[in-house]
């Protein structure tokens, strides 16, 4: 999609990002033990920035993090800082 009118019609929640130059977005939930514990949101000013290879890599990293036993202290610290 290349116009603000198309974005507003199809994805009204993304119109502001489009107006600020964002042309690609990729959001991935971080799931552990069937619960969403966070997320990863990437944005780019380049149209088509996120290739299938990059999406697969992000899924692998996401799965590794979600199953990592070391994440618990990091997650607790993050929630404390919010």
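The values are calculated or read from the model by the stated rules, or taken from the named source; none is laboratory data. None of the values given here were measured: they were computed from a predicted structure. Every residue, glycine as well, gets a Cβ built from its backbone with ideal geometry; the counts of neighbours run over all protein chains shown.
Annotations
- Cβ-Cβ under 6 Å pairs, at least 6 apart or on other chains, the range 16-41 side surrounded by 13 or more Cβ atoms within 10 Å (Cβ to Cβ), far side at pLDDT 85 or above and in a strand (DSSP E or B): 22/43; 24/44; 25/43; 26/42
- Residue within the range 57-71 that is part of a helix (DSSP H, G or I), modelled with pLDDT under 65 and either touching a strand residue (DSSP E or B) at 6+ places or on another chain (Cβ under 9 Å) or within 29 Å of residue 21 (Cα to Cα) (or both) present: yes
- Filtered by the rule that a residue be farther than 19 Å from residue 54 by Cα and either modelled with pLDDT of 85 or more or out of contact with any helix residue (DSSP H, G or I) (no Cβ under 8 Å at 6 or more places or on another chain) (or both), the range 15-35 gives 15, 16, 17, 18, 19, 20, 21, 33, 34, 35.
- Filter result for residue 78 (surrounded by 11 or more Cβ atoms within 10 Å (Cβ to Cβ), modelled with pLDDT under 80 and closer than 17 Å to residue 29 by Cα): yes
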